Amino acid sequence: MSGWENFYKLTSDERITKLAENRQLTVADQKLMRDHFDAVGSQQVENYLYNFGVPVGVITDLLINDHHVTVPMATEEPSVIAAANNGAKLVRYGTGIKTRQTERLVRGQVIVTELDNPDDLLGYVNEHVADLLNLANNAYPSMKKRGGGAKRILSEVIDHDKVIVNILVDPQAAMGANVVNTMAEAVAQQLRTIGYNVLLAILSNMANEAIIDAQVKIPVGVLAAKDGLTGAEVAERIVQASLIEQLSEYRAVTSNKGLMNGVEAAVLASGNDTRAVNAALHAYAAKDGKYRGLVQWSIDDGELVGKTTLPLLLGVVGGSIGIVPAVKLNHTIMGNPDVNELTAIIAGVGLVQNLAALKALVTTGIQSGHMKLQAKSLAVAVGANPNEVPLVVRALQAEKKFNSSSAKKILDEIRK
Ligand code: NDP
């Protein structure tokens, strides 16, 4: 394909023109891109064209560690934010969410291969722990000055000729990926200098050294469902559903996807790396060799008790956090949490999202709520304007036919 040479050197305006020529885009397509130009975005990624908007809504009141927090969520999926608010409401009838986190370290891996005798390297590392920690810290001195930095070195033999030298780093208020990569590369360079073959050096996204426990207790009475089930019955069914998530991997994956509906939306709104959080959480779900649900529910003395343990590495500085105005705004909405508070908030979002999904699933099912919101999307998709949307939604609900041809027919009727 010709015509793409030096695309990256063009201004975003010139890129849009070039793209339009090569991909037969209309004037309206080009206008859409130009209307969504963003000066910050244009500095964030390569081959920049325009900013792609994701709707942001909030959990109005998440009771977390005795604080009432408003949590922005960025997601395109209808019903996620409504469900999170339902879960948050139930949680407020109880203790609110309580969290506990003991350590927060990021692991850098320096992978050494082609070793004649792995013990030589293990010996070298053991004798030079302090030197290697100094080396890592000198590669990124500001972290140590803040009280963080490289804290521990651990080496592990992974094969007869392969060793990983792990550096555990406290990244303070940052998520730490770049910080740790810089430190890991410095250690890698030292090992190369003394003759070892280093294959690669990078952080691990398996965040098992940044675990947070979150718990909530809710009086079962508040769980009574519209369909006539008592609160105790709903609680019992939630407990059974959570047990299934420990037994069926097919169910566990779907449940964890539901948890990620909330976690990922809040992580994205906070300007953090959704892929890193996703990778860590799914890996943790499979930590004992079988993929399991990340939340467990039980009943204790008339209360429904929810517990989750999540590996969560987030930042309140670094990456895009300081530079994207909407991210700054979202932190302001949350009350500018510190990194531990933000981690607690995100864990809490996971718990409420799971609670809301399970409660809906074991009572009316999720479709009735989903379809109400889906009706809105259908109305917009067939061209309803903001005044027409509620009318189309009402008619779709009355007809219980949630498809675009019904929506179109209703809209045509309204416009007659
Ligand atoms: P940065 O590279 O932005 O480093 C953190 C920045 O925050 C530094 O500039 C640091 O300043 C500044 N800072 C200010 N105050 C503090 C404080 N109190 N504590 C800590 N830092 C402070 O970000 P990260 O290292 O956190 O890396 C995150 C980024 O890396 C994300 O964008 C992520 O997407 C990306 N990434 C992720 C990978 C992965 O997950 N596999 C791989 C590679 C990149 P100073 O320099 O003065 O210390």
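Scanning segment 166-214 for residues that are closer than 22 Å to residue 270 by Cα and more than 16 Å from the ligand (Cβ to nearest atom) gives 211, 212, 213, 214. Look at segment 254-279: where a residue is without any contact (Cβ under 8 Å) to a residue 40 or more places away in the chain and a partner is part of a loop (DSSP other than H, G, I, E, B), sitting 6+ places away or on another chain with Cβ atoms under 6 Å, you get 256/294. Hey, does segment 175-193 have a residue that's at pLDDT 95 or above, outside any helix (DSSP H, G or I) and not assigned by the TED database to the domain that holds residue 318? Taking every residue of segment 175-193 in turn, at least one turns out to be at pLDDT 95 or above, outside any helix (DSSP H, G or I) and not assigned by the TED database to the domain that holds residue 318. In this structure, does residue 216 turn out to be out of contact with any Asp or Glu (no Cβ under 6 Å at 6 or more places or on another chain), farther than 30 Å from residue 178 by Cα and crowded, with 22+ Cβ neighbours inside 10 Å? Judged against the criteria, residue 216 is a match.
Note on segment 365-389: among residues that are surrounded by fewer than 13 Cβ atoms within 10 Å (Cβ to Cβ) and at pLDDT 90 or above, the one that is nearest to the chain's Cα centre (by Cα) is 381. Do the conditions hold for residue 314, that is, is it touching a strand residue (DSSP E or B) at 6+ places or on another chain (Cβ under 7 Å), within 18 Å of residue 205 (Cβ to Cβ), in contact (Cβ under 8 Å) with a residue 60 or more places away in the chain and crowded, with 19+ Cβ neighbours inside 10 Å? It is false that residue 314 is touching a strand residue (DSSP E or B) at 6+ places or on another chain (Cβ under 7 Å), within 18 Å of residue 205 (Cβ to Cβ), in contact (Cβ under 8 Å) with a residue 60 or more places away in the chain and crowded, with 19+ Cβ neighbours inside 10 Å.
Scanning segment 49-79 for residues that are hydroxyl-bearing (Ser, Thr, Tyr) and surrounded by fewer than 17 Cβ atoms within 10 Å (Cβ to Cβ) yields 60, 70.
Applying the condition of being among the hydroxyl-bearing types (Ser, Thr, Tyr) and more than 25 Å from residue 280 (Cα to Cα) to segment 80-110 and asking which residue is surrounded by the most Cβ atoms within 10 Å (Cβ to Cβ) yields 95.
If you check residue 162 against the conditions, is it out of contact with any Lys or Arg (no Cβ under 9 Å at 6 or more places or on another chain) and without any contact (Cβ under 8 Å) to a residue 12 or more places away in the chain?
no
Regarding residue 11, is this residue touching a helix residue (DSSP H, G or I) at 6+ places or on another chain (Cβ under 8 Å) and of a type in the set (Val, Ile, Thr)? The answer is no for residue 11. For segment 257-267, the criterion of being surrounded by fewer than 18 Cβ atoms within 10 Å (Cβ to Cβ), modelled with pLDDT of 95 or more and not polar (S, T, N, Q) is met by at least one residue. Residue count for segment 12-46 satisfying the condition of being at pLDDT below 95 and either in a loop (DSSP other than H, G, I, E, B) or touching a strand residue (DSSP E or B) at 6+ places or on another chain (Cβ under 7 Å) (or both): 1.
Just so you know, in segment 390-399 the residues that are farther than 17 Å from residue 78 by Cβ and of a type outside the set (Asp, Glu) include one that is surrounded by the fewest Cβ atoms within 10 Å (Cβ to Cβ), and it is 398. With the condition kept exactly as written, say whether any residue in segment 125-143 is closer than 21 Å to residue 341 by Cβ, surrounded by 20 or more Cβ atoms within 10 Å (Cβ to Cβ) and in contact (Cβ under 8 Å) with a residue 12 or more places away in the chain. Yes, segment 125-143 has at least one match.
Conditions (1) within 16 Å of the ligand (Cβ to nearest atom); (2) modelled with pLDDT under 95; (3) within 18 Å of residue 262 (Cβ to Cβ), marked per residue:
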site: 281; (1), (2), (3): yes, no, yes
site: 286; (1), (2), (3): no, no, no
site: 292; (1), (2), (3): no, no, no
site: 308; (1), (2), (3): no, no, yes
site: 315; (1), (2), (3): yes, no, no
site: 319; (1), (2), (3): yes, yes, no
site: 332; (1), (2), (3): no, no, no
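The values are calculated or read from the model by the stated rules, or taken from the named source; none is laboratory data. Bear in mind the structure is a predicted one, so any value in this text is a computation, not a measurement. Positions of Cβ are backbone-derived with ideal geometry, glycine not excepted, and every protein chain shown enters the neighbour counts.
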